[in-house]
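Visitor: Input: one structure, supplied below.
The values are calculated or read from the model by the stated rules, or taken from the named source; none is laboratory data. Keep in mind it's a predicted model, so treat the numbers as computed, not measured. Note: ideal-geometry Cβ built from the backbone for every residue, glycine included; neighbour counts use all protein chains shown. Calculation scope for accessible area: heavy atoms of the full protein, side chains included, ligands and nucleic acids excluded. Shrake-Rupley method; radii C 1.70, N 1.55, O 1.52, S 1.80 Å.
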Amino acid sequence: MGRFKVKKQDTFIDMTPMSDVMVLLLTFFMLTATFVKQEPIKVQTPGSVSEIKIPEKNLLTIFVNPQGKVFMTMDDPSRLTALAEEMISEGKLPTLNAAEMKAFANAPTFGAPLNLIKSWLDAPETQRNALLEDPSAGIPCDSVNDELSVWVKAARTTAGEGMGLAIKADQKTSYAVIKQVMNSLRGIEEDRYNLITDLKKVGD
Amino acid sequence: MAGSKQKKMNARVDFTPMVDMIMLLVTFFMLCTTLMKPQTMKITMPSNKENINEQNRSQIAESKAITILIGENRELYYFKGKPTEDNLKSTTYGKEGIRAVLMEANAAAQLRVKALKAKFDTQQSSDPKKALAAKQQYMAALDDIRNSDDTPSVIIKPSDKASYKDLIDVLDEMQICSIGKYVIDKFDGSDQAKIDRLNGK
C-alpha cells in the first residue's frame, strides 16, 4: 500500500547553534586566560591546605631549586628594567647596554652572581636558560656573600610598598637553604611573604 | 532550452571541522587557566629588631608552649612546656601523630571553630554582597579564636637536615588545628642533644 511510505530522513545535522556556543566559550576562556610565565627552573612545590590565592600583580618571586640555588623573577618586564637601573645606579651592577637591558627585562628568571650577570646577558638567548643549570648560576645568599638582600632591597625601592614577596621552593630543598633565604630577608626587614604551595585536601 | 537550466546549489555549509577545531581550542584554554593557579601560605616572620623580639618572647607562656623539632628523614619530635631532661616525645606527621597532639592541646578553640563554621554555613546567601560580608566576618572571628589567649603557642625548630616539605607540612598542621601563634625558631645543639638522647645514642 502506497500510504505507508517511509519518510526520507536528512542525516545532515545543523551545527550552527553548537558552533555559536563554542565560539562564545572560546572567547570567554581566551579573555580570562592568564598565561603562566615560562619558568626555566623546575620546582615542585609541596602541598598545603591553605587556600589563599597568590597576588597576581607586582610580585617578586624567589625560586629555590632542589640543589639550593636561588633565582629571582618579577612579573612585569618594565619593573625588571627599573630594577636593573636601580642596581646600576647603586653601583652593584656594571652598566648594561641596550641589548643587555632588553635581555634582562625579557628574561623569565634570572639568577647569577652580580659579577656574572653581564656575561650571562651577553650569551645567546637560546643558551641563557641552559646556563641557569650551570654550577656557577644562582644568587648567592650565604652570610659571607649575601646578594639576595641587595636584589630584594633594590626591588623594594623601585616597586614600592605594594610589592608582594613569594618564595617558591622545591619540596626536596634542604631547610638549611630556606633558612639562609629567610635570614637574608629578615636582615632587610622583609618579614611578610608568601610561600607558594600546591593545593592539598585535609587528610593525613 | 535544457542546456541553460541552472543547477540547484546547496546553501548549507558543513560546520563540523570548525566545531572540531574550536573544541580543541576551548579545551586548551580551559586547561591553561584553571589548573595553573598556585596557592600560597602567608607567613610573618619575627622581625630582627631587638625590642619587638623581646615583646614577642614574653608573650609565650611556658605552660602553653609546644615545641616541635623537625629532624632528618621525616622524623618529628615534640615537647610541651619547658625543656626538661625527659619530656621529649617522638611522633609522626599527619592525623595520628602531631595533629592529634595539637588538636588535644587546642580542643577548646577547636570546638569554637566548629560552632563558628556551622553558623557560617547557615548564613550562606545568594546575594554576593551579603556573602562577602559574612565571609569577612567569619574570617575575622576565626582570626580572633586563633589568636585568643587559651590557644597554645607553638615553636617550630627545623634542623638543617629537614626538607622544605617537612616545614610546610608542620605549618599546615597549624592551619588545620587553628593555631594562630607559632614561630619558626633556630634549632641548636641542645635540641640535637635531646633527640640523640631520646634515640639512645
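Visitor: Restricting to the stretch A:153-167, give me the number of residues that are aliphatic (A, V, I, L, M) and either within 14 Å of another protein chain (Cβ to nearest Cβ) or more than 18 Å from A:MET87 (Cβ to Cβ) (or both).
Guide: Step one: filter the stretch A:153-167 for residues aliphatic (A, V, I, L, M), giving A:154-155, A:159, A:163, A:165-167.
Now drop any that are not either within 14 Å of another protein chain (Cβ to nearest Cβ) or more than 18 Å from A:MET87 (Cβ to Cβ) (or both), which leaves A:165-167.
Residues that pass the stated criteria total 3.
Visitor: Given (1) more than 21 Å from B:THR151 (Cβ to Cβ); (2) modelled with pLDDT under 70; (3) not basic (Lys, Arg), where does B:GLY71 come up short, assuming only one miss?
Guide: (2)
Visitor: Within the stretch B:90-106, can you find the residues that are basic (Lys, Arg) and touching a residue at least 60 places away in the same chain (Cβ under 8 Å)?
Guide: Matches in the stretch B:90-106: B:ARG99 only.
Visitor: The conditions are (1) free of Cβ contacts under 8 Å to residues at least 40 places away in the same chain; (2) assigned to a helix (DSSP H, G or I); (3) more than 13 Å from chain A (Cβ to nearest Cβ); (4) over 18 Å from A:ILE52 (Cβ atoms), and B:SER190 fails exactly one of them. Which is it?
Guide: Here B:SER190 meets the rest and fails (1).
Visitor: For the stretch A:121-139: of the residues being under 18 Å from the mean Cα position of the chain (by Cα) and not in a helix (DSSP H, G or I), which is surrounded by the most Cβ atoms within 10 Å (Cβ to Cβ)?
Guide: In this case the residue turns out to be A:ILE139.
Visitor: Count, please, the residues in the stretch A:43-99 that happen to be of a type in the set (Asp, Glu) and farther than 18 Å from A:GLU161 by Cα.
Guide: 3
Visitor: Then there's this: So how many residues does the stretch B:130-162 have that are under 21 Å from B:TYR182 (Cα atoms) and under 20 Å from the mean Cα position of the chain (by Cα)?
Guide: 19
Visitor: Report the residue count in the stretch A:148-189 for those that are open to solvent by less than 20 Å² (accessible area, probe 1.4 Å) and not in a helix (DSSP H, G or I).
Guide: 8
Visitor: Of the conditions (1) more than 10 Å from every other protein chain (Cβ to nearest Cβ); (2) more than 25 Å from B:CYS177 (Cα to Cα); (3) outside any helix (DSSP H, G or I); (4) open to solvent by 20 Å² or more (accessible area, probe 1.4 Å), A:LYS201 fails just one. Which one is it?
Guide: Of everything listed in (1) more than 10 Å from every other protein chain (Cβ to nearest Cβ); (2) more than 25 Å from B:CYS177 (Cα to Cα); (3) outside any helix (DSSP H, G or I); (4) open to solvent by 20 Å² or more (accessible area, probe 1.4 Å), A:LYS201 misses just condition (2).
Visitor: Here's something else I'd like to know. Take A:ALA107 and decide whether it is at pLDDT 85 or above, closer than 15 Å to A:PRO40 by Cα and aliphatic (A, V, I, L, M).
Guide: no
Visitor: Just a yes or no: is a residue in the stretch A:14-31 open to solvent by less than 20 Å² (accessible area, probe 1.4 Å), out of contact with any Pro (no Cβ under 6 Å at 6 or more places or on another chain), farther than 22 Å from A:ALA154 by Cα and part of a strand (DSSP E or B)?
Guide: Checked against the condition, which is being open to solvent by less than 20 Å² (accessible area, probe 1.4 Å), out of contact with any Pro (no Cβ under 6 Å at 6 or more places or on another chain), farther than 22 Å from A:ALA154 by Cα and part of a strand (DSSP E or B), the stretch A:14-31 yields no hits at all.
Visitor: Sort out which residues of the stretch B:62-102 are part of a helix (DSSP H, G or I) and of a type outside the set (S, T, N, Q), and write them in order of number.
Guide: Those that are part of a helix (DSSP H, G or I) and of a type outside the set (S, T, N, Q): B:GLU62, B:LYS64, B:LYS95, B:GLU96, B:GLY97, B:ILE98, B:ARG99, B:ALA100, B:VAL101, B:LEU102.
Visitor: Do the conditions hold for A:PRO40, that is, is it away from chain B (no Cβ under 14 Å), open to solvent by less than 60 Å² (accessible area, probe 1.4 Å) and either under 30 Å from B:VAL19 (Cα atoms) or in a loop (DSSP other than H, G, I, E, B) (or both)?
Guide: On the way: away from chain B (no Cβ under 14 Å): yes; open to solvent by less than 60 Å² (accessible area, probe 1.4 Å): yes; either under 30 Å from B:VAL19 (Cα atoms) or in a loop (DSSP other than H, G, I, E, B) (or both): yes.
So A:PRO40 passes the test.
Visitor: Collect the residues in the stretch A:75-100 that are aliphatic (A, V, I, L, M), open to solvent by less than 60 Å² (accessible area, probe 1.4 Å) and either modelled with pLDDT of 85 or more or over 22 Å from A:ALA130 (Cβ atoms) (or both), keeping them in residue-number order. Step through it out loud before you land on a result.
Guide: To start, the set of residues in the stretch A:75-100 that are aliphatic (A, V, I, L, M) comprises A:80, A:82-84, A:87-88, A:93, A:96, A:98-99.
Right, trim to open to solvent by less than 60 Å² (accessible area, probe 1.4 Å) and you get A:80, A:82-84, A:87-88, A:93, A:96.
A:LEU80, A:ALA82, A:LEU83, A:ALA84, A:MET87, A:ILE88, A:LEU93 - these are the residues of the stretch A:75-100 that are aliphatic (A, V, I, L, M), open to solvent by less than 60 Å² (accessible area, probe 1.4 Å) and either modelled with pLDDT of 85 or more or over 22 Å from A:ALA130 (Cβ atoms) (or both).
Visitor: Among all residue pairs at least 6 apart or on different chains, which show Cβ distances below 8 Å where the first residue, located in the stretch A:133-147, is within 15 Å of A:LYS179 (Cα to Cα) and the second is open to solvent by 30 Å² or more (accessible area, probe 1.4 Å) and among the polar types (S, T, N, Q)?
Guide: Here the result reads A:CYS141/A:GLN180; A:ASP142/A:GLN180; A:SER143/A:GLN180; A:SER143/A:ASN183, each pair linking the stretch A:133-147 to a residue that is open to solvent by 30 Å² or more (accessible area, probe 1.4 Å) and among the polar types (S, T, N, Q).
Visitor: I would also like to ask the following. What is the residue count in the stretch B:173-196 for residues that are of a type in the set (Ser, Thr, Tyr) and either surrounded by fewer than 17 Cβ atoms within 10 Å (Cβ to Cβ) or more than 21 Å from A:LYS179 (Cβ to Cβ) (or both)?
Guide: Qualifying residue count for the region: 2.
Visitor: From the residues in the stretch B:144-172 that are of a type in the set (Val, Ile, Thr) and open to solvent by less than 10 Å² (accessible area, probe 1.4 Å), which one is farthest from B:ASN106 (Cα to Cα)?
Guide: Looking at residues that are of a type in the set (Val, Ile, Thr) and open to solvent by less than 10 Å² (accessible area, probe 1.4 Å), I get B:ILE168.
Visitor: Quickly run through the stretch B:136-162 and pick out the residues that are without any contact (Cβ under 8 Å) to a residue 40 or more places away in the chain and either within 12 Å of chain A (Cβ to nearest Cβ) or over 30 Å from B:GLN123 (Cα atoms) (or both).
Guide: B:MET139, B:ASP160, listed by residue number.
Visitor: Out of all the residues in the stretch A:168-175, is one or more within 10 Å of chain B (Cβ to nearest Cβ), within 25 Å of A:LYS53 (Cβ to Cβ) and of a type in the set (Val, Ile, Thr)?
Guide: Checked the stretch A:168-175: at least one residue is within 10 Å of chain B (Cβ to nearest Cβ), within 25 Å of A:LYS53 (Cβ to Cβ) and of a type in the set (Val, Ile, Thr).
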